[in-house]
1. Hey, rough spin-label estimate for Arg49 and Asp210, points 7 angstrom out along Cα→Cβ, what's it come to in nanometres?
2. For the stretch 2-209, what is the accessible area per residue in Å², given a 1.4 Å probe and the full set of protein chains?
3. For the chain, what does -39500 (n - 2.57) per DSSP helix run (n ≥ 4), summed and divided by total residues, give at 222 nm, in deg cm²/dmol to the nearest 500?
4. What Kirkwood Rh does the stretch 2-209 have if only Cα atoms enter the pairwise 1/r average? Answer in Å.
5. I'd like the carbon and sulfur percentage of the solvent accessible area for the chain, probe radius 1.4 Å, heavy atoms only, ligands and nucleic acids excluded.
6. Using modelled amide H (1.01 Å from N, peptide plane; none on Pro or chain starts), what sits under 5 Å from the amide H of Lys32, excluding residues fewer than 5 places away?
7. Nothing charged except the Cβ atoms of Lys and Arg (+1) and of Asp and Glu (-1): what's the magnitude of the dipole of the chain about its Cα centre? Round to the nearest 20 debye.
8. Under 10 Å, Cα contacts only: if you run a Gaussian network model on the chain, which one of Asn136, Asn98, Asn21 comes out with the highest mean-square fluctuation?
Amino acid sequence: MKTITVLSRKGGSGKTTLAVNLTLTAFLRGRKVVLADIDPQRSASDALRARREPGPVLAEVTAGKLFMTKSNAMRDGVDYLVIDTPAMPEADVAQAVNIADLCLVAGRPSFLDLAPIVRSAEAVRRLGKDGMVVLNQAHTSRSDVAPAAFPEILEALRFCGLPLAPHGLRAREAFQTAMAHGLCVAELEPGGPAARDLQRLWAHVEARLDGLDEKPMRTALTA
Ligand SMILES: Nc1ncnc2c1ncn2[C@@H]1O[C@H](COP(=O)(O)OP(=O)(O)O)[C@@H](O)[C@H]1O
Ligand SMILES: [Mg+2]
């Protein structure tokens with residue numbers, strides 16, 4: 001089982017949108033997925049509850065229950081545990097980062113999102129975790145979000161210590177409409193541009209998680 005934690009110190013950066021859409025993408029591909037919502041606002045839970053179709057398992061929990069949630073998911077043969085986090089408190093987010101295999105730092109490619117992205121990336125690195133920055137809500141007509149973002153923002157992100165995902169999500173109404181019905185954008189507009197962005201991102205996330213398996217195991221001797 002692989003655990004993916006979506007985080008950002010800034011509200012409205014797209015954590016829930018990313019977490020729900022990635023969860024549903026994996027689910028629609030036949031994987032067994034649990035979405036753990038540790039944000040007291042319960043936005044991810046609201047979205048999945050609005051879903052009429054069969055869907056992934058939802059765990060509305062506190063950060064303190066994450067370890068048990070993960071153990072149960074492993075016991076139940078779950079493929080992916082996706083964790084949606086609140087912007088704060090830091091201690092709760094740290095618990096979610098600690099149990100993750102891969103952390104996704106969500107942020108808009110805008111000046112005001114830079115500092116929160118950098119601080120979230122630092123928190124991931126401090127805890128010795130793998131992660132990447134995923135740009136969301138970019139206003140661009142280009143197919144790749146990252147290269148089309150402002151050059152100075154990309155330059156600043158080079159020093160945040162985490163790699164930038166080669167694919168992000170552009171600002172698309174489909175993400176908002178789909179969320180209101182608990183749908184993945186790929187269900188709302190199959191083959192549409194939002195679905196395409198999401199598929200590319202998921203393919204990269206999956207490949208990155210598979211790559212983590214290839215790393216040599218750290219033993220007491222090499223640690
Ligand atoms: N790629 C996107 N395109 C359009 N709207 C988006 C996109 N990502 C997020 N939003 C909208 O922005 C708002 C904040 O997103 P949300 O995922 O709730 O952020 P967070 O969980 O970080 O607070 C929501 O209204 C959501 O529908
Ligand atoms: Mg949220």
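The values are calculated or read from the model by the stated rules, or taken from the named source; none is laboratory data. All of these numbers come straight from a predicted model, not from anything done at the bench. Positions of Cβ are generated from backbone atoms using ideal geometry, with glycine treated the same way; all protein chains shown enter the neighbour counts. Just so you know, the surface numbers come from the protein's heavy atoms only, side chains and all, with ligands and any DNA or RNA stripped out. Shrake-Rupley method; radii C 1.70, N 1.55, O 1.52, S 1.80 Å.
1. Rounded to a tenth, the inter-label distance reads 3.7 nm.
2. Working: 8970 Å² over 208 residues.
Result: 43 Å² per residue.
3. -13500 deg cm²/dmol
4. One over the average 1/r among Cα pairs gives 16.7 Å for the stretch 2-209.
5. C and S fraction of accessible area: 54 percent.
6. HN-HN under 5 Å from Lys32: Asp79, Tyr80.
7. 160
8. Comparing Asn136, Asn98, Asn21 in the GNM, the peak value goes to Asn98.
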